[in-house]
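> I have a structure I would like to understand better, so I am pasting it below and will then ask my questions one at a time.
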Amino acid sequence: MEGARQFSVWDYVVFAAMLLASAAIGVYAALTGGRQRTTDEFLLGDRKVNIFPVAFSMTLSFVSAISVIGTPGDVYVYNTMYGWLAVTLCTGAILAVRWFLPIYMRLNLTSIYEYFELRFSRAMRLSGSVVYSLQTLLYMGVVLYAPATALNAVTGTDLWTAVMSTGAVCIFYSTVGGIKAGLWADSLQAVVIVGSLIAIIVKGTIDVGGVDEVIRRGLEGNRIYFTEAVGIFTICHIFVVSLCVVSGLVMYAYYKDCDPLAQGVVSNRDQLMPLFVMDIFADMPGVPGLFLAAVLSASISIDVPDLEPPPSPGPRDGMTTWMC
């Protein structure tokens, strides 16, 4: 395996096309329907948005760039225990849909903060809004900067170009197109993320020697490990988290006898996934650009922090020295 590779022209073309498509969705939403003239249309889409973009957008809100890059790296270093996160989050979502959401629907509210004021006081509404705004501001800085740093270290992409272009496009389509633009842009981004993860899993599995070989190496290295943990959104969320976990397992199988961390090719586990993409798709210009688009697409969705799973076996347990 060679050192850091560079993105080709086609990779940047694919990335730029993804950003332009997201911006175009915002322009379309701004020029159609009521043209975002009312608060109800801008914030709620007149309460007439199709269920599928809403479900895809909710799924993407739980799958950030940290998930796309960090989860495979975590599975590579530890094991597949991270997959139980999908079960816990989906259980919480089912409970919320069953007991809490019907109350909000009957009250015809715009946001949870309205409920805070009705249930408690205006001070509680303002406090909740301010705290969440600060949390989101700090968190989005990490979500944008962290993956851009990892990609910069492995692929040579310009750090601030990735951060600024992605943030600017997100601000643009959200501002001019309102919630409808955000939902449909998220749906496009969800398709790109899922497509990228599937492509990574398929190509990596083929390069390793098949599904049986991936499982065999995973079992030998103690990476397949689930035994300690006892609507559309739920299915999608489990599916996407499962793809992240499986891609990490395939990556471990690929690098089982040539650990990039031990060799010093990368400095931390967040750089493993970009390196893996650049290695297996080295002869397919444009595909690494699709991965870049997927990672940064995940960055520009409102997200909640991922939970770090408990490290069961030690890092790189059972892994041999990097020999490639």
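Yes or no, residue by residue, for (1) more than 27 Å from THR91 (Cα to Cα); (2) under 13 Å from the mean Cα position of the chain (by Cα); (3) surrounded by 24 or more Cβ atoms within 10 Å (Cβ to Cβ); (4) among the β-branched types (Val, Ile, Thr):
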site	(1), (2), (3), (4)
PHE239	no, yes, no, no
TYR255	yes, no, yes, no
LEU261	yes, no, no, no
GLY264	yes, no, no, no
ARG269	yes, no, no, no
MET273	yes, yes, yes, no
ASP279	yes, no, no, no
PRO285	yes, no, no, no
VAL295	no, yes, yes, yes
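> Residues of region 31-43 being out of contact with any helix residue (DSSP H, G or I) (no Cβ under 6 Å at 6 or more places or on another chain) and within 20 Å of SER187 (Cα to Cα), which ones?
If the condition is that a residue be out of contact with any helix residue (DSSP H, G or I) (no Cβ under 6 Å at 6 or more places or on another chain) and within 20 Å of SER187 (Cα to Cα), then LEU31, THR32, GLY33, GLU41 are the ones that fit.
> Write out, first by first residue and then by second, each pair whose Cβ atoms fall under 8 Å of each other, whose residues are 6+ apart or on separate chains, and whose first residue, in region 91-105, is under 17 Å from THR59 (Cα atoms) while the second is not in a helix (DSSP H, G or I).
Final answer for the pair search is ALA93/GLY231; ILE94/GLY231; VAL97/GLY231.
> Moving to a separate point now. Sort out which residues of region 132-171 are under 26 Å from GLU114 (Cβ atoms) and open to solvent by less than 50 Å² (accessible area, probe 1.4 Å), and write them in order of number.
THR136, TYR139, MET140, CYS170
> Please enumerate the residues belonging to region 182-212 that are farther than 20 Å from VAL143 by Cβ and open to solvent by less than 30 Å² (accessible area, probe 1.4 Å).
Matches in region 182-212: ILE200, ILE201, GLY204, THR205, VAL208, GLY210.
> Is it true that LEU126 is open to solvent by 60 Å² or more (accessible area, probe 1.4 Å), out of contact with any Phe, Trp or Tyr (no Cβ under 7 Å at 6 or more places or on another chain) and at pLDDT below 90?
On the way: open to solvent by 60 Å² or more (accessible area, probe 1.4 Å): yes; out of contact with any Phe, Trp or Tyr (no Cβ under 7 Å at 6 or more places or on another chain): yes; at pLDDT below 90: no.
Considered against the rule, which asks whether it is open to solvent by 60 Å² or more (accessible area, probe 1.4 Å), out of contact with any Phe, Trp or Tyr (no Cβ under 7 Å at 6 or more places or on another chain) and at pLDDT below 90, LEU126 comes out as no.
> Open to solvent by less than 50 Å² (accessible area, probe 1.4 Å), over 15 Å from the mean Cα position of the chain (by Cα) and closer than 27 Å to ILE51 by Cβ: is that true of SER174 in this structure?
The answer is yes for SER174.
> Cβ-Cβ under 7 Å, sequence separation 6+ or interchain: first residue in region 120-147 and among the polar types (S, T, N, Q), partner at pLDDT below 85. Which pairs?
Sorted first by the residue in region 120-147, then by its partner, the pairs are THR136/ILE302.
> Name the single residue, out of those in region 177-228 being assigned to a helix (DSSP H, G or I) and touching a Pro at 6+ places or on another chain (Cβ under 6 Å), that is farthest from ASN50 (Cα to Cα).
SER187
> Among the residues of region 117-129, is there at least one that is in contact with a Lys or Arg (Cβ under 6 Å, 6 or more places away or on another chain) and either more than 27 Å from ALA23 (Cβ to Cβ) or assigned to a helix (DSSP H, G or I) (or both)? Steps first, please.
Keep residues of region 117-129 that are in contact with a Lys or Arg (Cβ under 6 Å, 6 or more places away or on another chain), which gives 117.
Now drop any that are not either more than 27 Å from ALA23 (Cβ to Cβ) or assigned to a helix (DSSP H, G or I) (or both), which leaves 117.
Yes: one or more hits.
> If we only count helices (runs of 4 or more DSSP H) wholly inside region 13-102, which ones have 3 or more residues that are crowded, with 22+ Cβ neighbours inside 10 Å?
On the way: elements: 39-44, 51-61, 65-77, 84-95.
Fully inside region 13-102 and qualifying: 51-61, 65-77.
The values are calculated or read from the model by the stated rules, or taken from the named source; none is laboratory data. Since we're looking at a predicted model, the values are computed, not measured. Heads up, the Cβs are rebuilt from the backbone with ideal geometry, glycines too, and the neighbour counts pull from every protein chain shown. Surface accessibility is based on the protein's heavy atoms, side chains included, excluding ligands, DNA and RNA. Shrake-Rupley method; radii C 1.70, N 1.55, O 1.52, S 1.80 Å.
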